[in-house]
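Have a look at the structure below before the remarks.
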Amino acid sequence: MSTSSSLVYLIALPLFGAAALLLGGRRTDKWGHFLATAMSASAFGVGLYQLSQMLARPTEERAVTQKLFSWIAVGNFNIDAALLLDQLSICFVLLITGVGTLIHIYSISYMAHDENRRRFFAYLNLFIAAMLLLVLGNSYLNLYVGWEGVGLASYLLIGFWNQKPAYATASKKAFVMNRVGDMGLSFAIMIAFATLGTTTFAGIADVAPRASEGALTAIGIMLVVAAAGKSAQFPLQAWLGDAMAGPTPVSALIHAATMVTAGVYLIVRSHFIFDLAPTAQLVVVIVGAITLIFGALIGTAKDDIKKALAASTMSQIGYMILAAGLGPVGYAFAIMHLLTHGFFKASMFLGAGSVMHGMNDEVNMRKFGNLRKFMPITFVTFGFGYLAIIGVPPFAGFYSKDAIIETAFNAGGLKGILLGGAALLGAAITAFYMSRVMILTFTSKARWDDEAHPHESPALMWVPIAILSFGSIASGFLFTRGHALVNWLEPIVGGHEGNHEEFLAPMVVSALALTAVAIGVAIALMKYQFADVAPVAPVDVSALTRLVRNDLGQDAFNEAVFMRPGIALTELAQKADESVVDGAVRGVGRLATGSGSVLRRSQTGFARSYAAFILIGAVILIAGIWVVTQ
Amino acid sequence: MIIQTPEAVMFWFLAPVAVIAALGMLLVKKAVHSALLLAWVMITLAIFYIAQDALFLGIVQIVVYTGAVMMLFLFILMLVGVDSSDSLKETIPGLRPIAITAALGFGGLLTSLIGRATIGHPAIGLTEANSTGNVQSLAQLLFSDFVWPFEVVSALLITAALGAMVLAHHQRTVERPTQRESSIARFRTGSLSSAAGLPGPGVFARHNAVDVPALLPDGSPAPTSISATLKARGDMLESAPFQLDVVDTTVVEEK
Amino acid sequence: MNPYNYLYVSGLLFTIGAVGVVVRRNAIVVFMCVELMLNAANLAFVTFSRINGTLDGQVTAFFTMVVAACEVVVGLAIIVTIYRSRRSASVDDASLLKR
């Protein structure tokens, strides 16, 4: 495998930006955002250069590595800090740096009035560096460093406005739930090292076929836990909605386009484990299927535009996880949906930010309406993203989602019907709630307050959105033309050979999907476009609606099952600590003070009484001599 | 070895005196008397040393102990108050009986041990060892076999001298008052009587010894004119007998 | 008479000194009693030297004297320092060890 000495710049440039901004302090306030944007853009430039180099090489020599330094060298346990850039990583590198740079540009304007803009950009650069390390690491340990780094950056950015206690709590919640997933990843690494003796991707891919299926299943399930934590999948999904406390560019970059898809990357990257562990793979599809329905249901009841988009992110990642769990046929589609989703969801989030920008930071969709007249550019770009996510041809989402639904049906037997049905149902619900967002915000009657003065955002904000929405129009078509992405990824994740008989013809699946979408859109139109919408959410609603409004009880469940028993356990441990451990310690102390206060009586403090003791001692000594010399 | 009669006479005369002097040191009230009695014990010991063929040590004993050390003791006694006479009343209950019992036991056991250890061991005497002279022989030992301890002890002496200086050094916590400041302080405080200097002892009295208080212009005695030490010792005389009976207060114009 | 009688004198003086250290309160007197004990030890050394016919005992007594001189210098300095701060030369007044 060939090496390249320029891989490190991908990480070093944004890392340098973050360090310069954080260490430079207020001196960098004036130009810090430009530096950060430049660093992100130059990382994108390095990524493009690497892509051109990669295209120039024959297929089997496309992957390049770079060893940075020997990280851990203990006996025969050698871990190098090394980078690996192959066909899979380059997709992510370009997505992260490309979308990241656009969002940097957008943030210059969006955060213009925030006095901590420099810190914000420093964190953004830190995130870019950590995320690149995550996708470039050549072993699970290197990946883990990036994995923790993005967790940290996500925590810092969700709680960026931590002067509001609710936001600080949201960041803490995200951090704690991510930690559960991180434990999964660290367990996976430990099991891998204990049973396979290595942690590099290449090494594990090499020895996995000879390993026991039990070990691989254990690693796989731990990896699913990790992916669920980072990608907000069932049952660790509850943090994503609250993560919308962060500034909107953060939601677009971290909690829609890149970081939350790290779980998908992890599963696709670990294909050599999942291909050999069917049980773990089954867990993956179940998690994906549950989450895609779960997220979609939550999306139907959200009035907060960002939370509705967050629910849809959760649901879309569910699609990706589902595809990744379907084996070699699904990996490429998972990545494809990930990339198209990166474009359209980022553009929609930025659009939502643009709407908030024009509406005095209002997020309640019931206070919007008829904004298409005041924000035509935002409306059009958001509309492209909308059409892409519900899967209308020829927009990007149609290609990627359709492929996933088709692959799900082709999984065979009852499993295929269940998974395909779930994916189809998810598509219908997605169409409904995204239409709801679209209608409530842009096309229904205006419901905003008198003091709101909606206006279009400046060019610095709408140009990045426009570029992203171009991606949401064209990327799906480009990826599927002649199976471009599938062929591109084939050397990494394996090909389509051995494809079983099709359960349904592709045309039939497309027709079904479009029918589902049409039904969803129609219901939304009836309920919101052609009926009056109350500016305040109605209270007298069915129990099901209430349940969905409460996020299907995810927080209540977590509190009842984990938090309260945890608190009770902690209190018990504290009591035990106080009575048993502290009791023993204090008992020793009391014994010492008690005996001390008895012995103290002999210590009068008078030097003469001590002299008397010495004299008595001398008498005893001399008496001893007298006795023994007798 | 049998000791010749003159030394025996000297021993039986001086030894009881030394023991009695030591006991006296223990029992007298005043520290000065203790010091003098101790000096006597030390001189006795010097004589013992010389009698035992230790001429050099005997001289050193007189020079160092009775000369230097005892003078140092007396000097410090003057410094911390020669007037303070010790009360011999015991303040820590039970200490004295314990001390005396222990001392009796100690002395008894020691005597018994010495007696037991010396039976059948005739003394050799120093005639041979001192054949080249006591000082020369000692010097030879000191600068050959004992040269290392000798150097160490010299270092110890220097350290002790430095230590004494460090301990006795008094660091001012406040600035030393200037003459001007002390003068202002004198006039600002209380009565004007402190403004003028204190009268010397015996001023205006009919007797000018240091233990007679001065008389103030109105004829009353001024106890502050007597040294505090004399007062504390009770050596101050009543000034009444020396007082003027009639004070002539008429002002005579100077021509 | 024989030289051993000096040893009995030495023992007696040592015992008297020891009692003095315990019963007297004036720090200077206590210190003088310590000196008495050292002198008694010196007398024993000189006598041992005579009994054994070597001068080693006298050398030891010589060293003892030097050490005693050092001790006096430092000890008296300590007494002066204590007196300066506490206005008392009684060993009982410096009894802060018990608190």
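For A:Lys172, the aspartates and glutamates whose Cα comes closer than 12 Å to its Cα, not counting residues fewer than 8 places off in the same chain, are A:Asp242.
Treating r as the C-beta distance of A:Leu48 and A:Ser579 and R0 as 60 Å, the FRET efficiency rounds to 0.40.
Does the stretch A:50-129 come out rounded, prolate or oblate, given a ≥ b ≥ c as the square roots of the eigenvalues of its C-alpha gyration tensor, rounded meaning a/c under 1.5 and, failing that, prolate meaning a/b above b/c?
The shape class here is oblate.
For the stretch A:277-539, how big is the tail of P(r) above 28 Å, as a whole percent of Cα pairs? Counting pairs separated by more than 28 Å, the tail of P(r) holds 33 percent. Determine which residues of the stretch B:100-119 fall in the zone a paramagnetic label at C:Asn52 would reach in this model, i.e. backbone nitrogen under 18 Å from the point 7 Å along Cα→Cβ. From the stretch B:100-119, the list is B:114-115, B:117-119. For chain C, the gyration tensor built on C-alpha atoms gives a prolate shape. Its axis ratio a/c (a ≥ b ≥ c) is at least 1.5, and a/b is the larger of a/b and b/c.
For A:Ala623 and B:Leu230, a Förster radius of 51 Å and the Cβ-Cβ distance give a FRET efficiency of 0.50, rounded to the nearest 0.05. Given axes a ≥ b ≥ c from the Cα gyration tensor, I'd like to know whether the stretch B:5-129 is rounded (a/c under 1.5), prolate (a/b larger than b/c) or oblate. Oblate, because a/c is 1.5 or more while a/b does not exceed b/c. Listed by chain and number, the lysines placed with their C-alpha closer than 18 angstrom to that of B:Lys30 are B:Lys89, B:Lys231; residues fewer than eight positions away on the same chain are left out. Quick check: the angle from helix A:582-600's long axis to the longest principal axis of chain A, C-alpha only, nearest 10 degrees? That works out to roughly 20 degrees.
Within the protein assembly as shown, the proportion of C-alpha pairs whose separation exceeds 51 Å stands at 53%.
Computed from the Cβ-Cβ distance with R0 of 25 Å, the FRET efficiency linking A:Phe77 to A:Thr3 stands at 0.60. Between A:Lys527 and B:Val135, the modelled labels are 12.4 nm apart [label points 7 Å from Cα along Cα→Cβ].
Post the alpha-carbon centroid distance, the stretch C:46-87 to the stretch B:1-35, in whole angstrom. Measuring centre to centre over Cα atoms gives 20 Å.
The stretch between A:Ala543 and A:Val588, if pulled fully straight at 0.36 nm per residue, gains 10.2 nm over its current Cα-Cα span.
Between the Cα long axis of helix A:484-493 and the first principal axis of chain A there is an angle of about 30°, rounded to the nearest 10.
Summarising the label geometry, the points placed 7 Å from Cα in the beta-carbon direction at A:Ile417 and B:Leu27 lie 12.5 nm from one another. What distance in nm separates the two pseudo spin-label positions at B:Ser144 and A:Gln163, each 7 Å out from Cα along the beta-carbon direction? Modelled inter-label distance: 9.3 nm. Treating cross-link reach as a plain straight distance, find the lysines whose alpha-carbon is under 28 Å from the alpha-carbon of A:Lys401, omitting any fewer than eight places away in the same chain. Within reach: A:Lys230, A:Lys302, A:Lys306, A:Lys307, A:Lys345, A:Lys415, A:Lys527.
From the alpha carbon centroid of the stretch A:384-434 to that of the stretch B:98-118 is 110 Å.
Computed from the coordinates by the stated procedures, all read-outs in this text should not be read as laboratory data. As the structure is a computational prediction, the values presented were derived from the model and not from experiment. A quick note on method: Cβ atoms are made from the backbone with ideal geometry, for glycine too, and the neighbour counts reach across all protein chains shown.
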